[in-house]
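Here the structure comes first, spelled out in structure tokens, and everything after it is commentary.
The values are calculated or read from the model by the stated rules, or taken from the named source; none is laboratory data. Predicted, not measured: the structure shown is a model, and the values here were computed from it. For neighbour counting, all protein chains shown are included, and Cβ atoms are generated from backbone atoms with ideal geometry for every residue, glycine included.
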Amino acid sequence: MHYSSVKNHLKPYAILARRKTTINHAFAAAIAPSDEYSAATVRETIATLGQDPENLRCAYCDEPAQTWDHVFATVKNSNFSGHGHRLGNLLPCCKQCNSSKGNKDWRVFLVQLGAPEKLERTRRIESYLSKYSGIDSLPNDSLEYRKFIKIKSDVLQLLAEADQLAKIIRENKKLPVITPKDPL
Ligand SMILES: [Zn+2]
């Protein structure tokens, strides 16, 4: 690690800026449909990757897998993309690749990575993705969906307000103390 990386910490922390992506992701993930777990189906799907299901490797770089990458991200333009938590859409992956791939197209990522045995790797991933049931329909404009989106927008708005208060609290070391006579 280089000493200059401490620079990221030596500045005021912004709640909204640092957490907005996580919140958008959580709201999208919450309405994304998911497959039911079945050991037999998982093993069968993993077989198309040519991998040992007991000892999974990262499908992109071959390091030991630590997580599952949503090949097609659940979020697009801050909302649910239509891609769910479906077996063929979840690829064994190392944390490094999962984080650097982000929302990139998996083929573009493989090229950028300089992945080993690229042709064979591409063929196996394609074969794995052929097990993916594909994009789900987007939520219809129901009352529930509108309320759901309103809650997300309220949460983000509240975080923006908290950031403004945090700035005042940081910068005013002598804020008036609230006494019982002077309630909120
Ligand atoms: Zn990897």
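Summary table below
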{"item": "Tally of residues being part of a strand (DSSP E or B) and of a type in the set (Ser, Thr, Tyr) across region 54-77", "result": "1"}
{"item": "Members of region 87-97 found to be at pLDDT 95 or above and buried (at least 19 other Cβ atoms within 10 Å of the Cβ), listed by number", "result": "ASN89, LEU90, LEU91, PRO92, CYS93, CYS94, CYS97"}
{"item": "Pairs with Cβ under 9 Å, 6+ apart, first in region 57-74 and without any contact (Cβ under 8 Å) to a residue 60 or more places away in the chain, second of a type in the set (Asp, Glu) and within 7 Å of the ligand (Cβ to nearest atom)", "result": "ARG57/GLU63"}
{"item": "Unmet requirement for LYS104, which otherwise passes all of (1) among the basic types (Lys, Arg); (2) within 13 Å of the ligand (Cβ to nearest atom); (3) under 28 Å from THR21 (Cα atoms)", "result": "(2)"}
{"item": "The listed residue being part of a loop (DSSP other than H, G, I, E, B) and surrounded by 10 or more Cβ atoms within 10 Å (Cβ to Cβ), out of LEU158, LEU138, LEU175", "result": "LEU138"}
{"item": "Test: residue in region 78-96 that is without any contact (Cβ under 8 Å) to a residue 12 or more places away in the chain and not in a strand (DSSP E or B)", "result": "no"}
{"item": "Identity of the residue in region 71-96, within 15 Å of the ligand (Cβ to nearest atom) and under 13 Å from the mean Cα position of the chain (by Cα), that ends up nearest to ASP52 (Cα to Cα)", "result": "LEU90"}
{"item": "Region 32-51 - residue that is within 20 Å of LEU119 (Cα to Cα) and assigned to a loop (DSSP other than H, G, I, E, B) and, of those, farthest from the ligand (Cβ to nearest atom)", "result": "THR48"}
